[in-house]
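This report refers to the structure that appears directly beneath it.
The values are calculated or read from the model by the stated rules, or taken from the named source; none is laboratory data. These figures come from a predicted structure and were not determined experimentally. Backbone-built Cβ (ideal geometry, glycine too); neighbour counts: all protein chains shown.
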Amino acid sequence: MVERLTFQDQIARNKLKSFVLIGLIFIFFLILGTIISLAIDPSYFFIIMIFSIIFSIGYILFSYYNSAKIAIASVGAKPASLSSHKNFFRAAENMSLASGLPMPKLYVMDSNQINAFASGRDPKNAVICASTGCLEKLNKEELEGVIAHEMSHIANYDIRFMTLVAVIIGLISILGEMFLRSLWFSHSDNREGKGGAILLVLAVLASILAPLLANLVSLAISRKREFTADATAVKFTRYPPGLKNALIKIKHEHSIPEKKKHETPKAMAPLFISDPFKKKITGLFATHPDINERIRILERM
């Protein structure tokens, strides 16, 4: 007998895993900082830290507060029309009532693919963008499932969470890059001796590997947030087959080669309900969970 899953259990598990993963990124940052501080003058290290923090937080905050505008502009989306996209508005209104969230602004992007994404720093400033393929190919229950998934990202403050992740990864990357560049100009006495040389080698390796490992953890967090959004969507719709059948249609699309060159920026890929580039990447380097696994979990709800 297959064990039934509840959306509450699925949401709780994935949220816990996400916070554990973000804790790992903090650990990467602390390890990198400690190794570099031992390899160079500690006072010089703290100066680097201050500049890296100010620059990274400033850049991320700008992107955070303008996330919706940037996302919409990057895909060339237009505001949805009530007369032309009645089903879109109806699905969004239903999910707004089910979730207790404000009605998001709706946009439509010109793409034959079944896809959608949500953006915005909080529920009051949220937007949902659906592709023309999404609005044309999905029935009422399937469209509500997809919109519920995107409303889930808004309800779970995923943009805010992933912004925090981006800040930490930005700090790690900037710190590592500044240290590596400083080696060309620094002539610290701390490098003298066998111990100093070992610390220097460890610092260089950490500066190269820490950003890569942190990015892998970030991708893992992104995959967990997708599972959480699926579970929260079931909470809103109380109808798992809606989202499940939409994912089955998306899976079928992914098996069909696309002739038209995709114009979606690659940085936008993690925002969508499925990878718009139809990449076959799985495992550690995937932006999205395996769609077959998502379907299997929804079948057990």
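Do you know which residues across the range 78-122 are assigned to a helix (DSSP H, G or I) and within 15 Å of LEU143 (Cβ to Cβ)? Give the derivation first.
Within the range 78-122, the subset assigned to a helix (DSSP H, G or I) is 86-99.
Answer for the range 78-122, where residues must be assigned to a helix (DSSP H, G or I) and within 15 Å of LEU143 (Cβ to Cβ): LYS86, ASN87, PHE88, PHE89, ARG90, ALA91, ALA92, GLU93, ASN94, MET95, SER96, ALA98.
Table: residues versus (1) in contact with a strand residue (DSSP E or B) (Cβ under 7 Å, 6 or more places away or on another chain); (2) modelled with pLDDT of 75 or more.
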| site | (1), (2) |
| --- | --- |
| GLU136 | no, yes |
| GLU142 | no, yes |
| ALA148 | no, yes |
| ILE154 | yes, yes |
| VAL167 | no, no |
| GLU177 | no, no |
| SER222 | no, yes |
| VAL234 | no, yes |
| THR237 | no, yes |
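For beta carbons closer than 7 Å, sequence separation of 6+ or different chains, a first residue in the range 290-301 that is in the same structural domain as ASN245 (by TED's automatic domain parsing) and a second that is among the small types (Gly, Ala, Ser), the qualifying pairs are ILE291/SER274. Within the range 123-130, the presence of a residue that is part of a loop (DSSP other than H, G, I, E, B), modelled with pLDDT of 75 or more and in contact with an Asp or Glu (Cβ under 8 Å, 6 or more places away or on another chain) is excluded. Scanning the range 123-148 for residues that are free of Cβ contacts under 8 Å to residues at least 60 places away in the same chain and among the β-branched types (Val, Ile, Thr), we see that the one that is farthest from ILE250 (Cα to Cα) is VAL127.
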